[in-house]
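Undergrad: My questions will all concern the structure given below.
Rule-based calculations on the coordinates, nothing more; no lab input. Since the structure is predicted, the reported quantities are computational estimates derived from the model, not experimental observations. Glycine gets a Cβ as well: all are built from the backbone with ideal geometry, and neighbour counts include every protein chain shown.
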There are 2 protein chains.
Amino acid sequence: MLNLDAVHQPIAALLAEQLDQVTFIFERQLASDMSAVNNLCMHVENYRGKMLRPMLVLLSGLAAASETAAEENCAALLTERHRIVAAVTEMIHMATLVHDDVLDEARIRRRGSTVNHLWGNETAVILGDYLISNAFHLCSTMGDPAINLALGQVTNTLCEGELVQLHHRNDYSIDEATYLEIIRRKTASLIGECCRLGAQLSDADERICLALHRFGMALGVAFQIQDDLLDLIGNEQVLGKPLGQDLDKGKLTLPVIHYLAEAASQQRGEALMMIMQGDAEQLRDRLVESGAVQRTSQAVMDLVAEAKDELHALPAGPARDFLAALADAVATRTY
Amino acid sequence: MLNLDAVHQPIAALLAEQLDQVTFIFERQLASDMSAVNNLCMHVENYRGKMLRPMLVLLSGLAAASETAAEENCAALLTERHRIVAAVTEMIHMATLVHDDVLDEARIRRRGSTVNHLWGNETAVILGDYLISNAFHLCSTMGDPAINLALGQVTNTLCEGELVQLHHRNDYSIDEATYLEIIRRKTASLIGECCRLGAQLSDADERICLALHRFGMALGVAFQIQDDLLDLIGNEQVLGKPLGQDLDKGKLTLPVIHYLAEAASQQRGEALMMIMQGDAEQLRDRLVESGAVQRTSQAVMDLVAEAKDELHALPAGPARDFLAALADAVATRTY
């Protein structure tokens with residue numbers, strides 16, 4: 001979970017209770033009559049981390065609805081449909097984690113072994129497929145074609161982002177616009193849709209749905225930039241996984257792109273050598289000293305501010321404040 | 001395409017014309033604004049082979065509807081919904097091919113290079129995800145929650161079959177019941193659903209939908225047993241891919257399971273040595289000589305007969321005859 005000490009206590013308690021129900025829906029959906037399948041799913045449950053996407057569905061649902069209902073009765077604003085969509089988005093996210101670990105040949109996630117490390121790439125590939133399939137199946141149980149369509153569109157976009165990212169592996173001349181387009185598709189699209197759907201399920205105005213979508217898109221881009229930054233300059237102990245994975249995989253992220261775009265020709269050449277030789281430590285020092293890291297952090301803060309601006313469209317209240325606090329937590333997070 | 005010379009010509013012509021439209025829907029769905037994505041999808045188009053699943057949707061739709069309409073006007077029996085579902089089932093199938101090639105480390109499919117061989121496992125994993133996602137998205141465009149739910153259920157089952165199969169890799173004591181349960185889930189479930197959905201989209205009676213589902217289930221099991229048999233004793237030139245891949249991957253299939261179940265203890269030990277050493281040629285001779293291959297072929301023919309029996313529930317007509325011919329072609333196919 002993200003660190004959100006300072007926020008409204010009744011909302012935090014409501015959210016915790018709702019997330020328990022989301023977890024119940026998630027686990028019930030994955031239950032299979034084949035024990036080999038259940039064992040794998042139980043392992044994946046350990047991947048669950050920040051629950052950012054379900055939180056955004058629920059909070060957006062609350063914030064968008066709070067205009068129409070008394071604050072005391074706030075639990076009643078959230079329906080089973082909010083909780084199902086919350087579980088669906090977490091399942092899609094979990095599928096991408098399982099497949100990303102195959103792509104990254106990762107051995108460790110959230111301090112535990114990855115599926116591919118324990119059972120091999122084959123099982124990780126199919127387990128990811130099983131999670132995607134169950135996400136769509138769970139979504140279909142709601143009987144609402146518009147939500148199925150919206151989620152299918154988002155997962156198409158998400159896969160496009162990943163494919164374009166793979167296409168640019170070891171592309172040392174990738175520019176900021178391409179990097180941003182990739183992360184908008186692979187990360188922000190789902191986060192934006194979580195916020196939009198939460199509001200839509202609360203029968204909010206189109207204007208509010210769109211504002212929350214823009215909030216989620218900006219927050220999603222900020223989230224991914226911060227994620228990439230932590231892979232370069234984070235603390236391995238706090239993150240629970242090794243640093244420098246992006247560089248190992250020929251994936252240039254924003255601080256590096258910033259540095260290369262502005263460095264003088266000799267410095268640029270030296271940095272490219274460090275990248276190709278996988279010398280993450282030296283590169284890191286240079287990114288910090290040159291101000292490229294600082295500039296990237298500033299980009300995250302600007303995006304968070306942009307996201308929070310969108311919240312003015314929503315009725316004032318603790319759910320809206322909570323969304324703002326969540327956005328701040330994304331910018332300051334260390335894991 | 002399967003070899004179906006002897007069947008009713010007007011139906012064959014109608015089917016060819018409808019399959020062209022299915023292909024159009026398929027390609028239109030996968031079109032992306034990112035050229036890197038389009039290049040990959042164009043490669044996958046080459047994977048398209050027998051088009052068994054779309055054919056079954058269309059033929060089941062025709063056969064189930066022909067009671068209610070004049071035969072001359074048979075093209076009108078098939079709606080855009082039949083063609084969309086046909087495209088969806090082919091897209092799901094294509095996704096499993098792309099991921100199976102990752103699992104099998106296959107380099108060749110349909111005489112061409114696999115996605116994993118050309119672009120790496122990472123791209124193949126995400127391209128498979130993109131196909132699954134697009135299949136669900138395309139399905140969702142129909143706005144019919146029941147079809148989304150049915151397809152989500154089938155893909156869950158399909159993944160379960162694959163996971164259980166992986167769980168039994170290098171399990172030299174796998175029995176026939178487990179083998180059959182695996183192929184029922186990983187192959188027959190989708191083929192059965194193609195037939196059932198084709199009929200359902202033609203507003204057929206529940207009785208006819210269920211008969212066609214059983215037809216597809218039996219046919220699907222027969223199809224997979226024959227597929228596994230061809231991997232052992234087929235002709236590499238005709239198949240367009242190398243033999244013995246199942247054995248290489250520690251996957252015991254029906255002829256081997258039959259042989260091991262019936263061999264005397266010494267022969268059993270010798271065969272197990274051949275399996276573990278990957279000596280496919282010697283094993284093949286033994287499976288042929290012992291009659292295990294013959295027994296497996298008989299099982300395929302029995303299943304095809306069982307499938308064809310279900311067709312008695314349908315109104316007589318050329319579409320029904322075509323389904324029967326298709327079932328026969330599955331048993332006699334060499335590729």
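Undergrad: Near B:LYS50, which lysines are there with a Cα under 17 Å away, not counting those fewer than 8 places off in the same chain?
TA: Leaving aside lysines fewer than 8 places away in the same chain, those within reach of B:LYS50 are B:LYS241.
Undergrad: Roughly how crowded by other chains is peptide A:114-123, in terms of the mean Cβ count from those chains within 10 Å of each of its Cβ atoms? It would help to have the intermediate numbers written out before the result.
TA: Working: counts 0, 0, 0, 0, 0, 3, 3, 5, 12, 6.
Mean partner shielding for this stretch: 3.
Undergrad: Once each part is reduced to its C-alpha centroid, what is the distance from region B:261-335 to region A:321-335 in angstrom?
TA: Their Cα centres are 60 Å away from one another.
Undergrad: One decimal, nm, shortest first: give the distances between the label point of A:ILE233 and those of the same position in the other copies, each label point 7 Å from Cα along Cα→Cβ.
TA: Nearest first, the other copies' label points are 6.7 nm away.
Undergrad: Separate question: Where does each of B:27-36, A:219-228 land if you order them by average Cβ count within 10 Å, highest first? Could the numbers behind the result be given before it?
TA: Working: B:27-36: 14.6, A:219-228: 24.3.
The packing order, highest mean first, is A:219-228, B:27-36.
Undergrad: What list do you get for B:LEU151, A:LEU62 if you sort them by fewest beta carbons within 10 Å? Each step should come with its number before you reach the end.
TA: Working: B:LEU151 25, A:LEU62 29.
Final ranking by Cβ density, sparse to dense: B:LEU151, A:LEU62.
Undergrad: Sequence gap at least 6, Cα distance under 8 Å: using those rules, report the relative contact order of chain B to the nearest whole percent.
TA: Details: 467 pairs, mean separation 75.4, N = 335.
Relative contact order for chain B comes out at 23 percent.
Undergrad: Based on Cβ point charges of +1 for Lys and Arg and -1 for Asp and Glu, what charge dipole magnitude is obtained for chain B about its Cα centre, in debye rounded to the nearest 20? Walk me through the numbers before you get to the answer.
TA: Values: 27 positive and 46 negative charges, 48 e Å.
The calculation lands at about 240 debye.
Undergrad: List the residues whose amide H sits under 5 Å from the amide H of A:ARG109, counting only those 5 or more places along or on another chain, with H placed 1.01 Å from N in the peptide plane.
TA: A:THR114
Undergrad: So, one more: Can you give me the P(r) profile for region B:205-263? Cα pairs, bins 5 angstrom wide beginning at 0, each as a whole percent.
TA: Per 5 Å bin, starting at 0, the Cα pair percentages come out as 4, 16, 18, 18, 14, 10, 9, 6, 3, 0.
Undergrad: Sticking with this structure for a sec: Take chain A, connect every pair of alpha-carbon atoms lying under 10 Å apart with a spring to form a Gaussian network, then pick out the residue of A:LEU103, A:LEU118, A:LEU314 with the largest mean-square fluctuation.
TA: Of A:LEU103, A:LEU118, A:LEU314, the Gaussian network model singles out A:LEU118 as fluctuating most.
Undergrad: Taking a quarter of the surface of the convex hull around the Cα atoms of the protein assembly as shown, what do you get in nm²?
TA: Working: hull surface 124.6 nm².
About 31.1 nm², averaged over all directions.
Undergrad: May I ask you to order A:82-89, A:264-271, B:14-21, A:120-127 by the average number of other C-beta atoms within 10 Å around their residues, highest value first?
TA: Values: A:82-89: 27.2, A:264-271: 12.4, B:14-21: 17.0, A:120-127: 23.5.
Going from most to least packed, we get A:82-89, A:120-127, B:14-21, A:264-271.
Undergrad: Further, regarding this structure: Dipole of chain A (Lys/Arg Cβ +1, Asp/Glu Cβ -1, origin at the Cα centre): which of A:SER189, A:THR23, A:LEU311 lies farthest to the positive side?
TA: Result: A:THR23.
Undergrad: Continuing with the same structure: Would you kindly compute the Cα radius of gyration of region B:89-147 and its largest Cα-Cα separation (Dmax), both in Å?
TA: 13.0, 39
Undergrad: Summarise the partner chain shielding of A:86-99 as one whole number: the mean count of Cβ atoms from other chains within 10 Å of each residue's Cβ.
TA: Working: counts 0, 0, 0, 0, 0, 0, 1, 0, 0, 2, 2, 0, 1, 5.
Per residue, the average neighbour count from other chains is 1.
Undergrad: Evaluate region A:260-335: find the radius of gyration of its Cα atoms, find its Kirkwood radius, and give the ratio Rg to Rh.
TA: Details: Rg = 18.0 Å, Rh = 14.9 Å.
When Rh is taken as the Kirkwood radius, the ratio is 1.20.
Undergrad: Can you sort A:THR23, A:THR334 from fewest to most other Cβ atoms within 10 Å of each residue's own Cβ? Present the calculation step by step, with values, prior to reporting the outcome.
TA: On the way: A:THR23 18, A:THR334 10.
Exposure proxy ranking, most exposed first: A:THR334, A:THR23.
Undergrad: Report the normalised scattering of region A:144-193 as log10 I(q)/I(0) at q = 0.13, 0.24, 0.27, 0.32 Å⁻¹, calculated by the Debye formula with identical scatterers on the alpha carbons.
TA: One equal scatterer on each Cα of region A:144-193 leads to -0.34, -0.82, -0.94, -1.13.
Undergrad: Based on the Cα atoms of region A:9-332, what semi-axes does the equivalent ellipsoid have, where each is the square root of 5 times one gyration tensor eigenvalue, given in whole Å with the largest first?
TA: Square roots of five times the eigenvalues give 34, 25, 16 Å.
Undergrad: What are the nm distances, shortest first, from B:ALA261 to its equivalents in the other copies, labels at 7 Å along Cα→Cβ?
TA: Ordered by increasing distance: 6.5 nm.
Undergrad: Out of B:GLY220, B:VAL102, B:ALA150, whose Cα points farthest toward the positive end of the dipole of region B:9-332 (charges: +1 Lys, Arg; -1 Asp, Glu; placed on Cβ)?
TA: B:VAL102
Undergrad: Mind giving me the FRET efficiency for A:ALA75 and A:ASN38? R0 is 30 Å, r the Cβ-Cβ distance, nearest 0.05 is fine. Intermediate values should be presented prior to the final figure.
TA: Numbers: r = 31 Å, r/R0 = 1.05.
Step by step, r from the Cβ atoms, then E = 0.45.
Undergrad: Taking a point 7 Å out from Cα toward Cβ as the label site, list the nm distances between B:GLU289 and the same residue in every other copy, smallest first.
TA: List, nearest first: 7.4 nm.
Undergrad: Provide a whole-number value for the mean count of partner chain Cβ atoms within 10 Å of the Cβ atoms in peptide B:146-152. Please list the in-between numbers first.
TA: Numbers: counts 2, 3, 13, 9, 2, 4, 11.
Partner-chain Cβ atoms within 10 Å, mean over residues of B:146-152: 6.
Undergrad: What 222 nm value per residue comes from the helices of chain B, counting each DSSP H run with n ≥ 4 as -39,500 (n - 2.57) and dividing by all residues, nearest 500 deg cm²/dmol? It would help to have the intermediate numbers written out before the result.
TA: On the way: 17 runs with 242 residues, N = 335.
-23500 deg cm²/dmol, from helical runs alone.
Undergrad: Within 10 Å of each residue's Cβ, count the other Cβ atoms and sort A:ILE132, A:ILE182 from fewest upward. Walk me through the intermediate numbers first.
TA: On the way: A:ILE132 28, A:ILE182 23.
Final ranking by Cβ density, sparse to dense: A:ILE182, A:ILE132.
Undergrad: Comparing B:PRO145, B:PRO54, B:PRO315, which has the greatest mean-square fluctuation in the GNM of chain B with Cα pairs linked when under 10 Å apart?
TA: Result: B:PRO145 has the largest fluctuation of those listed.
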